[in-house]
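See below for the structure under consideration.
Only the coordinates and a few stated rules stand behind these numbers; no lab work does. As the structure is a computational prediction, the values presented were derived from the model and not from experiment. As a convention, Cβ positions derive from the backbone with ideal geometry for all residues, glycine included, and neighbour counts pool all protein chains shown.
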Amino acid sequence: MYWKIEPTGCCVKEKDKNQIAIQVRFCIYLDPLDKGYYEHIIDELKLKDTSIYKEEYTIDDFVKTGKKIKTPLHNHIIELPIDSTDNLIESIGNQVLQIVEDYHSKGYFDRRELIYIQNTLYTYDLMTNESLKQGELRLSKIKTASKWLK
């Protein structure tokens, strides 16, 4: 089992009281020898007709591409200060992984155990043009850090 950061789930966001944070999405993936691995390998789908927009799509609107894609066992989104270090991000990724591994080995998963990671008290910067720029810069480094994208 391993974790990686999913860039599409990362952004700079405003928190309470005009504070700024970076949102980071950790995805936990199974290795081929992990129980349930093949349940997370699915057929990639694409829309049959991309020129038609609908509010809701059904499975009949899609076709298989012939490719297989790997889906995560668990996604965990956390808000962090804009000056979060690589060590902090890796520590959180490893904490989430450990909790998910422990529960996966027992055959069940209680997401409430992950709440304590989210509820850690961080100090956030006030939302200013400068802090927004700093947040965007930090986020761009996180989104492109090859060590976390595997």
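GNM remark for the chain: springs join alpha carbons under 10 Å apart, and the peak mean-square fluctuation among Ile92, Ile59, Ile20 falls on Ile59. Phi angles of the range 80-87 translate, via the Karplus equation with coefficients 6.51, -1.76, 1.60 and θ = phi - 60°, into HN-Hα couplings of 10, x, 5, 9, 4, 7, 4, 4 Hz per residue; Gly and Pro are given as x. For the chain, the mean residue ellipticity at 222 nm estimated from helices alone is -9000 deg cm²/dmol, where every DSSP H run of n ≥ 4 contributes -39500 (n - 2.57) and the total is divided by all residues, rounded to the nearest 500. Applying 0.36 nm per residue to the separation of Glu44 and Glu14 and subtracting their alpha-carbon distance, the gain on full extension is 7.4 nm.
Would you please name the chymotrypsin sites (Phe, Trp or Tyr not before Pro) within the range 40-81 that are DSSP coil residues with at most 10 other C-beta atoms within 10 Å of their C-beta? Loop-located and lightly packed - Tyr53. With both labels modelled 7 Å from their Cα along Cα-to-Cβ, the Ile69 to Thr123 distance reads 4.1 nm. With the Cα gyration tensor of the chain giving a ≥ b ≥ c as the square roots of its eigenvalues, does the rule (a/c under 1.5 for rounded; else a/b larger than b/c for prolate; else oblate) give rounded, prolate or oblate? Cα axes put the chain in the oblate bin. Take the chain and mark each of the GluC sites (Glu not before Pro) that is in a DSSP loop with at most 14 other Cβ atoms within 10 Å; the longest unmarked stretch, sites excluded, is 57-150.
Please find, in a Gaussian network model of the chain (springs between Cα atoms separated by less than 10 Å), the residue of Leu33, Leu139, Leu97 whose mean-square fluctuation is greatest. Maximum among the listed residues: Leu33. To one decimal place, what orientation-averaged projected area in nm² is obtained for the convex hull of the Cα set of the range 1-71? Spelled out: convex hull of the Cα atoms, projected over all directions, averaged, 7.8 nm². Can you tell me the orientation of helix 129-144 relative to the chain, as the angle in degrees between its alpha-carbon axis and the longest Cα principal axis, to the nearest 10? For 129-144 against the chain, the angle is about 40 degrees. Among Trp148, Trp3, sorting on how many other beta-carbon atoms sit within 10 Å of each Cβ, with the fewest leading, yields Trp148, Trp3.
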